[in-house]
Each structure stands twice: as C-alpha cells, then as structure tokens.
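I'd like to ask some things about the structure below.
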Amino acid sequence: MAGFTMSLNLLLLVAMVATNILSLYHLSSTTSFFQSTLKSSPSSLPTVPNHLLRQLHTIRSAINHLTTHQPDKPTSTVSSSAPPKDLLLYSKLSPIASACHNHPDLLHEYMNYTPFSTCPSDNDLVEKLILRGCHPLPRRRCFSRTPRNPSDSNVIWSYYSCKTFDCLTTKFPGLGFDLSLDKSKSLFSSYKSELDLPISQLLQIAKAANSVLRLGIDVGGGTGSFAAAMKARNVTVLTTTMNFNAPYSEAVALRGLVPLHVPLQQRLPVFDGVVDLVRCGRAVNRWIPVTVMEFFLFDLDRVLRGGGYLWLDRFFSKRVDLDNVFAPMIGKLGYKKVKWAVANKVDSKHGEVFLTALLQKPVAR
C-alpha cells in the first residue's frame, strides 16, 4: 500500500511539472508571435478598451507608489515574529497611519499586549511612535493604567525621574510646573523687551479691531500656562503638548484645561475657520524641516477664521534663515503684520535671533 501511494505521488509530481513546462512553452510562443505580429503589421492589432487601459494605469501607479515611497534608511528592521493578533484585527477594522509601517518593531511592541487586561507600561514607546509620524495610533483593547494613590494628581510618576511637581518646578523652573494660577498669569503680563506681548495688550489690539477672542489653540503649549492665563479672561484655549520626560499633558488637565496629545506634524483635529487665535510657543522653531513648517503654517491658516490672529512667540532661527526662508514663507499667508519684532539671542555665536510676530488673517480671500 505504501509503495502504491509513493508511485501515485510521483505520478502527480511528474504531471504537474509537465503541465508547467507546457504552460511556459505556450506563453513564450504566444509572446514571440505577438512580438512578430507587432513588428510586421502593427495596424492589425485589436484596439485595447479604454477601461482596461485605465485599470492598467491604476495598477502601474500603485506599483510606482509602493516602490518609490519607501524610506531610504529605515530606522528599524522588520520584526521576524508574526504580527500581534490585535494588530491584524485592527488593520481590518480601521486604517493605520502609513508611517507606522516604517517602524514595525515599535508598532509590534506597542500592539503586543494581553487583551482585556491592564495596558503595558509603554509611555515612552507611545511618544516614540507619535514623533515618528505613527499617529493616530491604533486603538487597543486594554485598560489604561491609573496611579495607585489618588493624591498623586493622576500622574504615574514611575515614568519620570521626578516624582512630584515640586521636583519638576525646581528642575525646570521656567516650564510652568508650578500650577498656581497667579504664577501663570504673571508669565504673560509683563513687558520687558520688544519680544514680549502681554495678554492685556493682545486683548486691546483685538478690541480695537472689533475682533472677539473666544477660542484659541496654543501649539506646543507645554504645561498650559498660556491657556490658564487666558481662561482667567474667559477665553478657551486648547493646548497641544507631548510628554517629553515630564507629565505635561497631566499638568494641563490639572488646570481644568484640554491637552491635545498631537505632534507638530499632525493635522490639527479642529474644524476649518473656527479658531480666533493660534499661539506658537518655543517648540515651533527652525529645527522643524522647511517643508513640514510650510504645511504646518497652512494648517494653522485652515483653522483660523477670517480676522483671526496668528502669534509666533519667540520663533528661534538664524537671521539669514529668517530673512531668506521663514519670513518669505510666512509672507505667503498674506496676513497683516500687527507686530513684527526681531532681537538677537543674548549669547549668539552664529547669528541666532528670536522673532515675535502677531499676524491677522484677512477677513475674506
């Protein structure tokens, strides 16, 4: 019986090989005939239907996109292990940011968890993925961690070197971790140099132009100090922030404000033309790639209403780059210059300067 089975398998193998050889011979013959016919009488060839040409064009475009839009130097290698089951499941339910596929190891680590249990301690991993363009992140079916002691102000301190806000205030004295409202108000109330724009002056400018400030966005707003100061003046400000080695998002929330956990390269999750004011803090500076910076400015224009204000607060750059690159880029917006102040960096060695600009969007395009 075993001999019969082996003979049958061998016969099937021979038949399969013979079929493949005949298929290849037929394909090569057909190709040769087609090429000879094309050379001899091209006018006799049948016309290809338009819908097939369109399909071929679509396939070719897709292939070109896949082969030309790969990263030159991938920052991570493809994981040898199989993708986590929840990653495969989520990818069927909802799209994943294309940049996520450039970092499969980080993505697999992020999605490698036990469903319906507590999420892993991967706060640093989340920040790495978001900063690499993997945003929005895939959703997960796990429960977010909460601090064991409610007196910790809803902060999981194990993620950070400091374990209290007092420690952060001492270590980073100028970043607003002293959550006192009076402290926040004082940060934007004084005028010490031409780079300063006190909130009282901002409100006076808006009032003189019959422009009401109700809703704003503070881009790269850190701990939400500006939003807290504006809240005291009945202006709602959303703060975009990231948790760089400190609980910035939690600090914003503790002020009773809204932290938007999005990177600078992410399209703002706000509808078109509904914001009265956009402030860009020191996180917005010359370190942003030029192309990214241009898309960023036009996204700010998208969310600003006609007559709204764009405030660049101490934009850091080399003077030559400000004159030749960033000033012309800002000029493309066609905004009115309400304030434009440039001052040298105190200990400048390479011609670095700061720019504070208040610009008003045209009422109508």
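Does residue 192 fit the bill of being over 30 Å from residue 305 (Cβ atoms) and either of a type in the set (D, E, K, R) or free of Cβ contacts under 8 Å to residues at least 12 places away in the same chain (or both)? Spell out the reasoning first.
On the way: over 30 Å from residue 305 (Cβ atoms): yes; either of a type in the set (D, E, K, R) or free of Cβ contacts under 8 Å to residues at least 12 places away in the same chain (or both): yes.
So residue 192 passes the test.
Quick check: is even one residue across the stretch 192-201 surrounded by 20 or more Cβ atoms within 10 Å (Cβ to Cβ), polar (S, T, N, Q) and either closer than 20 Å to residue 338 by Cβ or modelled with pLDDT under 90 (or both)?
No, every residue in the stretch 192-201 fails to be surrounded by 20 or more Cβ atoms within 10 Å (Cβ to Cβ), polar (S, T, N, Q) and either closer than 20 Å to residue 338 by Cβ or modelled with pLDDT under 90 (or both).
Let me ask you something else. What pairs come up if the first residue lies in the stretch 110-121 and is assigned to a strand (DSSP E or B), the second is not basic (Lys, Arg), and their beta carbons are under 6 Å apart, counting only those six or more places apart or on different chains?
118/143
A further question on this structure: So which of 314, 305 is touching a residue at least 40 places away in the same chain (Cβ under 8 Å) and on the phi > 0 side of the Ramachandran plot?
When all the criteria are applied, what remains is 314.
Determine whether the stretch 110-124 contains at least one residue that is aliphatic (A, V, I, L, M) and under 19 Å from residue 245 (Cα atoms).
Checked the stretch 110-124: no residue is aliphatic (A, V, I, L, M) and under 19 Å from residue 245 (Cα atoms).
When only residues in the stretch 271-284 that are open to solvent by less than 20 Å² (accessible area, probe 1.4 Å) and more than 14 Å from the chain's Cα centre (by Cα) count, which is modelled with the lowest pLDDT?
Out of the qualifying residues, it is 281.
Here's another thing I want to ask about it. Quick check on my filter: what residues within the stretch 305-318 are within 21 Å of residue 235 (Cβ to Cβ) and either open to solvent by 40 Å² or more (accessible area, probe 1.4 Å) or of a type in the set (S, T, N, Q) (or both)?
305, 314
With the structure loaded, tell me whether residue 286 is farther than 23 Å from residue 188 by Cα and in contact (Cβ under 8 Å) with a residue 12 or more places away in the chain or whether it fails that test.
Yes, satisfied.
Turning to a different aspect of this structure: Counting only residues that are among the aliphatic types (A, V, I, L, M), under 16 Å from residue 178 (Cβ atoms), open to solvent by less than 30 Å² (accessible area, probe 1.4 Å) and in a loop (DSSP other than H, G, I, E, B), how many does the stretch 224-247 have?
Start the filter on the stretch 224-247 by keeping residues that are among the aliphatic types (A, V, I, L, M), which leaves 227-230, 232, 235, 237-238, 242, 246.
Keeping just the survivors that are under 16 Å from residue 178 (Cβ atoms) gives 227-229, 232, 246.
From the residues that got through so far, the ones that are open to solvent by less than 30 Å² (accessible area, probe 1.4 Å) too are 227-229, 246.
Still in the running and in a loop (DSSP other than H, G, I, E, B): 246.
The qualifying residues number 1.
Still on this structure, please answer the following. Residue by residue through the stretch 319-350, note down the ones that are under 17 Å from residue 288 (Cβ atoms), open to solvent by 20 Å² or more (accessible area, probe 1.4 Å) and under 25 Å from the mean Cα position of the chain (by Cα).
Within the stretch 319-350, 321, 325, 327, 328, 332 meet the criteria.
Pull out all pairs, ordered by first then second residue, where Cβ-Cβ is under 7 Å, the residues are six or more apart or on different chains, the first lies in the stretch 241-256 and is closer than 11 Å to residue 168 by Cβ, and the second is outside any loop (DSSP other than H, G, I, E, B).
Taking only residues 6 or more apart or on different chains, the pairs are 246/168.
Here are 148, 132: which of them is at pLDDT 85 or above and of a type in the set (Lys, Arg)?
Going through 148, 132 in turn, the sole match is 132.
List the number of the failed condition for residue 207; all other conditions in (1) in contact (Cβ under 8 Å) with a residue 60 or more places away in the chain; (2) farther than 20 Å from residue 180 by Cα hold.
(1)
So residue 221 fits all but one of (1) open to solvent by 20 Å² or more (accessible area, probe 1.4 Å); (2) not basic (Lys, Arg); (3) not in a helix (DSSP H, G or I); what number is the exception?
(1)
Condition first: modelled with pLDDT of 85 or more, touching a helix residue (DSSP H, G or I) at 6+ places or on another chain (Cβ under 9 Å) and within 29 Å of residue 288 (Cα to Cα). Can you find one or more residues in the stretch 165-175 that meet it?
The answer is yes, given that some residue of the stretch 165-175 is modelled with pLDDT of 85 or more, touching a helix residue (DSSP H, G or I) at 6+ places or on another chain (Cβ under 9 Å) and within 29 Å of residue 288 (Cα to Cα).
The values are calculated or read from the model by the stated rules, or taken from the named source; none is laboratory data. Note that this is a predicted model, so its numbers are computed, not measured. FYI the Cβ positions are ideal-geometry reconstructions off the backbone, even for glycines, and counts take in every protein chain you see. Accessible surface is based on the protein model in full, side chains and every heavy atom, while ligands, DNA and RNA are left aside. Shrake-Rupley method; radii C 1.70, N 1.55, O 1.52, S 1.80 Å.
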